[in-house]
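Below is one structure, written out as structure tokens, with a few remarks after it.
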Amino acid sequence: MAGRSLLDKVWDAHSVRELPGGQTQLFIGLHLIHEVTSPQAFAMLREMGLPVRFPERTVATVDHIIPTHDQKRPLADALAEQMMAALEKNTEQAGIRFYGTSSGKQGIVHVIGPELGLTQPGMTIACGDSHTSTHGAFGAVAFGIGTSQVRDVLATQCLTLARPRVRRIDVTGKLAAGVFAKDVILAIIRRLGVKGGVGYAYEYAGPVLEAMSMEERLTVCNMSIEGGARCGYANPDDTTFEYLRGREFVPAGDSWGRAVAWWRQQASDADARYDDRVELPGAEIAPSVTWGINPGQNIGVDEKLPRIADAADADRASLEEAYGYMGLEPGQSIAGTPIDVAFIGSCTNGRISDLREAARVARSGRVAPGVRTLVVPGSQAVARQAEQEGLPEVFRAAGFDWREAGCSMCLAMNPDKLVGREICASSSNRNFKGRQGSPTGRTLLMSPAMVAAAAIRGEVTDVRELL
Ligand code: SF4
């Protein structure tokens, strides 16, 4: 009999029962909540007269609406203040742990989960946010859910879900200098398409993944959803355990050894059966940039934009729409495209290693005249670490604007927004139309180092020229 994948092991361990329609009632080990998708869920619970079933398995923070330049209460935006107050009240009434701005532990929900050690191998994790797949980096099965499912998890700690198929993606060989985890996931999505993962869990593996730090794996898993996958994960290994050791919510003392032994068993068996397998040579991946209106529309920085005539029939309409929106020309180089704004941050690339890489580039020059910049740590802990390392001074000396922790201009549900047709070099994860706060704003996704390079040159630049 073939071995089992991590997905199968974790799924089976959390299955309460199989439902008549073939779906699973799945127990959720950790429920992360934030201010945007939880207020209606709590209201529905109140209407039904139901308590929160497992408050100790629920953790809250504030990230989307929080301003990054002035977090004094009451918040200047009345709606943001209302959402913040609702989360404070709901968590207090239900006895749920809440990390607000005065806690010193606030940050983007997908940044604080791992850094507090809440995210652990073998868990099921749900959150009312698309990028919950991030937590899969630890060998957890983690997915984003909608508001009515947030209600269901609050009330029952369970979800009704179909078991996804598993596609193993091996990234082989080694990455070249100047190529980062962001480039790896952009290359995967380019190859498999933004809908290629529908119905699948992505298992990332191979020498490139195994050599990655936990923060790099978080970046890869974060964008699983952009490839259409229900979730994405890496198998837990010594890198995982070393990252977790000593973190606040991680078992310690005698329990540590038992936890590691159990976590190790959750990894996919060497002879695990997969529904599909894909291989990608790491050496072929270049620093990548999106040019269109979905993350699959990306190319290496040294390539030219695709010609519509060369595209498959099924892709032509989406290419035409992308060119129409972005104002770019087929066949032109992406390098040299002028930018107006540079945003370094988000749950994809707002961790300390991201800021270090961006700072390394920032040391090579000054922000080009007319470019607006935001450097936003993913959490208060990331900000503190950056301060200890003197990174804010590096950024400020180069003319970058250093901010406080939050989602900032990733989704722009706060004062950080694009204006008009501005083009933003962004280390975030979505380049959809209007994503960054202006209905006509344009987003070019790339690694934090590439964003820093674009800020300094004032145009899309191959970061390898500056490193
Ligand atoms: S950083 Fe962006 S993608 Fe991540 S949780 Fe915040 S808004 Fe969502």
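Things to note:
- Only one of Arg457, Arg403 that is within 14 Å of the ligand (Cβ to nearest atom), of a type in the set (Lys, Arg) and either assigned by TED's automatic domain parsing to the domain that holds Asp70 or on the phi < 0 side of the Ramachandran plot (or both): Arg403
Condition check ((1) surrounded by fewer than 19 Cβ atoms within 10 Å (Cβ to Cβ); (2) assigned by TED's automatic domain parsing to the domain that holds Asn235; (3) not basic (Lys, Arg)) across all residues:
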site	(1), (2), (3)
Ser103	yes, no, yes
Ala126	no, no, yes
Thr132	no, no, yes
Phe138	no, no, yes
Val141	no, no, yes
Val179	no, yes, yes
Asp183	no, yes, yes
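- Scanning segment 67-82 for residues that are under 16 Å from Ala381 (Cβ atoms) and modelled with pLDDT under 95 turns up at least one hit.
- Criterion violated by Asp70 - all others in (1) within 16 Å of Ala41 (Cα to Cα); (2) out of contact with any Ser or Thr (no Cβ under 6 Å at 6 or more places or on another chain) satisfied: (1)
- When Val371 is tested against the conditions (1) under 24 Å from Pro415 (Cα atoms); (2) within 23 Å of the chain's Cα centre (by Cα), the lone failure is (2).
- Test: residue in segment 268-291 that is closer than 26 Å to Asp416 by Cα, over 22 Å from the mean Cα position of the chain (by Cα) and not acidic (Asp, Glu): no
- Within segment 333-369, being within 16 Å of the ligand (Cβ to nearest atom) and at positive phi holds for Gly345, Ser346.
- Considering residues of segment 406-426 that are farther than 15 Å from Ile293 by Cα and small (Gly, Ala, Ser) only, the residue farthest from the ligand (Cβ to nearest atom): Gly420
- Among the candidates Asp63, Asp70, residue that is assigned to a loop (DSSP other than H, G, I, E, B), within 15 Å of the ligand (Cβ to nearest atom) and among the acidic types (Asp, Glu): Asp63
- Segment 434-467: number of residues that are in a strand (DSSP E or B) and among the polar types (S, T, N, Q): 1
- Residues located in segment 263-316, provided they are of a type in the set (Lys, Arg) and either under 25 Å from Ala425 (Cα atoms) or not assigned by TED's automatic domain parsing to the domain that holds Ala181 (or both): Lys304, Arg307, Arg316
The values are calculated or read from the model by the stated rules, or taken from the named source; none is laboratory data. What you see is a predicted model; the values in this text were computed from it and never measured. Positions of Cβ are backbone-derived with ideal geometry, glycine not excepted, and every protein chain shown enters the neighbour counts.
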